[in-house]
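**Q** What follows is a structure written as structure tokens; I'll ask about it next.
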Amino acid sequence: MKLSAAAPLRHSAGAVIRIQETTRTLPFYRPAPLTNLPLIYHREHLFPYASYGATETTPVSRAFRMVALENEFLRVEVAPELGGRVYSLFDKRIGKEILFSNPVVKPVRILPIWGFISGGIEFNFPIAHSPTSIAEVGCATGRVGDYGFVRVGEREARTGMEWVVELGLVEGSPALVQRTAFRNHTGAAHPWMSWTIAAVRSTEGTEFVHPPHRVLVHDDRVVEADWPGEGLNWDRNAKQMTALFWKPGSAPQFGAFHHDLGFGLMHLADPAQLPGKKLWTYGHGRHRGWGQGTTEGGFSYCEIESGPLLVQSEKPMFPRGTERRYEEFWVPVHSREACDRAEWPKLKLPPMSDSWLGWRHSAWQTEWEKFRIGEGLLPVSTVVTGIDLEAALHRELERGNTDATQPLALWLAFHGRPEEALQFALTDPSQTSARLAGVILWKALGQPVRAVAHLEAGPLHDPVAVVELDELYAELGLTAQRAELLARAPQHRLVIERRADLALAGAKPAETLRLLTETPWPREHQRYVRTELWKKAKAVLGEPDADVPDFLNEDNLARFGAYWSDQ
């Protein structure tokens, strides 16, 4: 890892608050898209964002832009090109990194875009994890008196709602200020959740800190328990991946302290504003490799999470024309006793004004905005659903550009107008529009029989299109067509899953188990296709209670949460 400083943005001789641009050069494992097809009507994916299907096994060296903010106590590095996360929180007093600051950037298969990276303090809106957590977001800096700040945020491409996080330091204070604002200036209400996720080291000496209270435990069960109970507060006692959510009435402070490292991190917030408190750990048992797989060096991590909702099964509607604002603090501590003494920082902060950062940082949104106002050509990228593009796309069609047909169909379908979308999809002779017509008929209009011919005319060189057609055949009981389709399909893990399903439908559970056993599977979090196939095959063989093997690389969490796009 290499740090190099660029010219300071705001830096005067003798100033305590400093803000400057830097770069941090890191090994970067590049992710590869799952498909170029628009993944609309897929609950496991978040249209119009791309989903990732693989990550390269050999990294390349990449210099990531960082904005460093520091006072006499702390140095904070913010990564605008990685979702705006705090990449580093360095405590100058003890010369230690407080966060788990990942030495590599290594996307892994976690919802909703299957390109999650671990480390730092991550900001998520309107879903967790944010679809731009490995993309560039807007960034601005400023200083008011003894207060300096870095702001990150964007107008989100799916819905058009906006978020901004201000990260600030005050001269003389060892607390990192976080002020967050959301707004919905679109014409409709949208589902939302928001969680700030701070990754810290997971060690044998990591203790989670909160006064006695009730918690919801989410592992392979969803149960309530007393905190700390019989050791829930020690990371080493977790034998599998586990989440803990505090019930209403929690304390203003919670966090983690590493007894073996001699430091920790406390979070402070008004529970009336931010009642959500969550801990996440991969534990020290069968799932520890999942955390280690996101990094290098044998490390794992756990998470301190904060949010305005109590649990991650909540995804209410964000009313149009409304805003929400929150304030919270992150405070490094150097002793276990300091955790219990953590107090709300008494700081005089200036108003958070003129904070919204918009879309100009995003080349994707920029080209569609230019097209919308008539200053740019029709983009070839996936249509941005968070922009009102209907009139501009109609205008392009009226000019005779039929390439606008599919973007308009997608935009209409996303906005709940499938009948209109279908009419446009049917006028386009391309394979991708045939597929789109098929999924509209099947998923939105409930006409699976009519959808068959359209999906059959789709781009069946793409495994995603193959899987869609096979799932439709299976729904209609067309076993012979399934066998023919899958026999000629490209080799891909999604196709192998469908072959395993076909074997089960053909009363060949042993073949299902063989395919599942012999295929190397990637780790995929909160996806249970292979797990369900294994259970069904074992049940047919008279072993309904057989264990699900770890080599399927799906976790065993109880079904809980609202991380899918249709929730």
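The values are calculated or read from the model by the stated rules, or taken from the named source; none is laboratory data. Keep in mind it's a predicted model, so treat the numbers as computed, not measured. When we count neighbours, we look across all protein chains shown, and the Cβ atoms used for this are built from the backbone with ideal geometry, even at glycine.
**Q** Just the residues that are under 17 Å from the mean Cα position of the chain (by Cα) and of a type outside the set (Gly, Ala, Ser), please, taken from segment 183-211.
**A** Within segment 183-211, PRO191, TRP192, MET193, TRP195, THR196, ILE197 meet the criteria.
**Q** Strands (runs of 3 or more DSSP E) wholly in segment 54-121 with at least 2 residues that are of a type in the set (Ser, Thr, Tyr) - which ones?
**A** 85-91
**Q** Could you go through segment 29-41 and let me know if any residue there is in contact with a helix residue (DSSP H, G or I) (Cβ under 7 Å, 6 or more places away or on another chain), among the aromatic types (Phe, Trp, Tyr) and modelled with pLDDT of 95 or more.
**A** Yes, that holds for at least one residue.
**Q** Moving on to the next point. Scan segment 260-268 and tell me whether some residue there is farther than 22 Å from ARG559 by Cβ, hydrophobic (A, V, I, L, M, F, W, C) and crowded, with 22+ Cβ neighbours inside 10 Å.
**A** Scanning segment 260-268 turns up at least one residue that is farther than 22 Å from ARG559 by Cβ, hydrophobic (A, V, I, L, M, F, W, C) and crowded, with 22+ Cβ neighbours inside 10 Å.
**Q** Give GLY293, GLY285, GLY307, GLY289 a once-over and let me know the one that is surrounded by fewer than 16 Cβ atoms within 10 Å (Cβ to Cβ), within 23 Å of GLY115 (Cβ to Cβ) and either in contact with an Asp or Glu (Cβ under 6 Å, 6 or more places away or on another chain) or in the same structural domain as PHE100 (by TED's automatic domain parsing) (or both).
**A** Among GLY293, GLY285, GLY307, GLY289, only GLY289 is surrounded by fewer than 16 Cβ atoms within 10 Å (Cβ to Cβ), within 23 Å of GLY115 (Cβ to Cβ) and either in contact with an Asp or Glu (Cβ under 6 Å, 6 or more places away or on another chain) or in the same structural domain as PHE100 (by TED's automatic domain parsing) (or both).
**Q** Looking at VAL165, VAL215, VAL200, which one is β-branched (Val, Ile, Thr), crowded, with 21+ Cβ neighbours inside 10 Å, part of a strand (DSSP E or B) and in contact with a Cys (Cβ under 8 Å, 6 or more places away or on another chain)?
**A** When all the criteria are applied, what remains is VAL200.
**Q** Taking segment 87-133, which residues are of a type in the set (A, V, I, L, M) and surrounded by fewer than 21 Cβ atoms within 10 Å (Cβ to Cβ)?
**A** Passing the criteria: ILE94, VAL104.
**Q** So, one more: Considering every residue within segment 186-197, establish whether at least one is buried (at least 22 other Cβ atoms within 10 Å of the Cβ) and among the aliphatic types (A, V, I, L, M).
**A** yes
**Q** Exactly one of these conditions fails for TYR473: (1) within 32 Å of the chain's Cα centre (by Cα); (2) crowded, with 20+ Cβ neighbours inside 10 Å; (3) free of Cβ contacts under 8 Å to residues at least 24 places away in the same chain; (4) closer than 30 Å to GLU398 by Cβ. Give me its number.
**A** Here TYR473 meets the rest and fails (4).
**Q** I've got another one for you. Go through (1) on the phi > 0 side of the Ramachandran plot; (2) surrounded by 14 or more Cβ atoms within 10 Å (Cβ to Cβ) and name the single condition ASP354 misses.
**A** (2)
**Q** Would you check if there is a residue in segment 465-487 being among the hydrophobic types (A, V, I, L, M, F, W, C) and in contact with a strand residue (DSSP E or B) (Cβ under 9 Å, 6 or more places away or on another chain)?
**A** Checked segment 465-487: no residue is among the hydrophobic types (A, V, I, L, M, F, W, C) and in contact with a strand residue (DSSP E or B) (Cβ under 9 Å, 6 or more places away or on another chain).
**Q** Return yes or no: is GLU420 over 30 Å from the mean Cα position of the chain (by Cα), under 26 Å from HIS190 (Cβ atoms) and not β-branched (Val, Ile, Thr)?
**A** Numbers: over 30 Å from the mean Cα position of the chain (by Cα): yes; under 26 Å from HIS190 (Cβ atoms): yes; not β-branched (Val, Ile, Thr): yes.
Yes, satisfied.
For (1) under 28 Å from ALA79 (Cα atoms); (2) touching a Gly at 6+ places or on another chain (Cβ under 6 Å), each residue gets a yes or a no:
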{"site": "VAL152", "(1), (2)": "yes, yes"}
{"site": "HIS190", "(1), (2)": "yes, no"}
{"site": "THR203", "(1), (2)": "yes, no"}
{"site": "PRO211", "(1), (2)": "no, no"}
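**Q** Could you list, in sequence order, all residues of segment 549-567 that are more than 21 Å from the chain's Cα centre (by Cα) and surrounded by fewer than 17 Cβ atoms within 10 Å (Cβ to Cβ)?
**A** Residues satisfying the conditions are PRO549, ASP550, PHE551.
**Q** When you look at ARG325, is it closer than 13 Å to ARG179 by Cβ, among the basic types (Lys, Arg) and either surrounded by 13 or more Cβ atoms within 10 Å (Cβ to Cβ) or outside the structural domain of HIS284 (by TED's automatic domain parsing) (or both), yes or no?
**A** Considered against the rule, which asks whether it is closer than 13 Å to ARG179 by Cβ, among the basic types (Lys, Arg) and either surrounded by 13 or more Cβ atoms within 10 Å (Cβ to Cβ) or outside the structural domain of HIS284 (by TED's automatic domain parsing) (or both), ARG325 comes out as yes.
**Q** So in segment 243-259, with the set limited to residues that are within 15 Å of VAL215 (Cα to Cα) and out of contact with any strand residue (DSSP E or B) (no Cβ under 6 Å at 6 or more places or on another chain), which one is surrounded by the most Cβ atoms within 10 Å (Cβ to Cβ)?
**A** ALA251
**Q** If you don't mind, there's one more thing I want to ask. Quick check on segment 391-403. Is at least one of its residues of a type in the set (Gly, Ala, Ser) and closer than 30 Å to GLU328 by Cβ?
**A** No: zero hits.
**Q** May I pose another question? Restricting attention to helices (runs of 4 or more DSSP H) lying wholly within segment 455-567, give those where 3 or more residues are in contact with a helix residue (DSSP H, G or I) (Cβ under 9 Å, 6 or more places away or on another chain), at pLDDT 95 or above and of a type in the set (Val, Ile, Thr). Quick ask: steps written out before the conclusion?
**A** Values: elements: 463-476, 479-487, 493-505, 509-518, 529-540.
It comes to 463-476, 529-540.
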